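Report on one structure; see the data block that follows.
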Amino acid sequence: MPMSFHICRPAIVAAVIAMASVPGVAGAATLCSVSGAQLVFGSFAMIAGLDPASDTDRNATADLVITCSGDSGATVGIEVQLDGGTAGNPLARRLSGPGSLAYNIYTDPTHSAVWGDGTSGSSRSATITLPQSNASGATTLTAYGRIPRGQRTAPIGTYDDTVLVTIVY
């Protein structure tokens, strides 16, 4: 019977930054929040030859929706940062379960820029300008996850991580 991993959900936990002043807009108050889906890598066998997917990187995507509201007609520039998860380092994220699996989250579909908080060589999101209105202005950013190939020694089980999302504005 082939070994399989139930790799799932480095949960993206949202941090809400409450009332802050918007520079350059007198008396404006802004509230931004983020909601997000989970990165789900799915199940796969990790023994070479039993599952062709075991010899390839495993990729997944998740969308983060950032919503800001405040004074009508104003705009707010935001930057989205991700922490290092339980590993504490954005460049060395690990999924935990019965064992440990290396993975990471990237700002781009080519997986060339690790999405982090700007420390240790990680990248933050580009600054995004959102319109505000009494209803709200929103934008969606995609997180690109990858479990690198070649991690065949991890025990069977469910693996996860929790990554804190911070909105800076």
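For this structure, a couple of remarks:
- Check on Val25, buried (at least 16 other Cβ atoms within 10 Å of the Cβ), β-branched (Val, Ile, Thr) and modelled with pLDDT of 70 or more: no
- Answer residue from region 103-123, given it is more than 24 Å from Val40 (Cβ to Cβ) and either under 12 Å from the mean Cα position of the chain (by Cα) or of a type in the set (Gly, Ala, Ser) (or both) and is surrounded by the fewest Cβ atoms within 10 Å (Cβ to Cβ) among those: Gly121
- Whichever residue in region 36-69 is modelled with pLDDT of 70 or more and assigned to a loop (DSSP other than H, G, I, E, B) and, among such residues, is surrounded by the most Cβ atoms within 10 Å (Cβ to Cβ): Leu39
- Only one of Tyr103, Tyr159 that is at pLDDT 90 or above and closer than 23 Å to Arg58 by Cα: Tyr103
- Region 147-156, residues that are surrounded by 18 or more Cβ atoms within 10 Å (Cβ to Cβ) and either modelled with pLDDT of 90 or more or of a type in the set (Lys, Arg) (or both): Ile147
- Check on Thr86, at pLDDT 85 or above, part of a strand (DSSP E or B) and surrounded by fewer than 18 Cβ atoms within 10 Å (Cβ to Cβ): no
The values are calculated or read from the model by the stated rules, or taken from the named source; none is laboratory data. These numbers were taken from a predicted model, which means no experiment stands behind them. Every residue, glycine among them, receives a Cβ derived from its backbone with ideal geometry; neighbour counts consider all protein chains shown.
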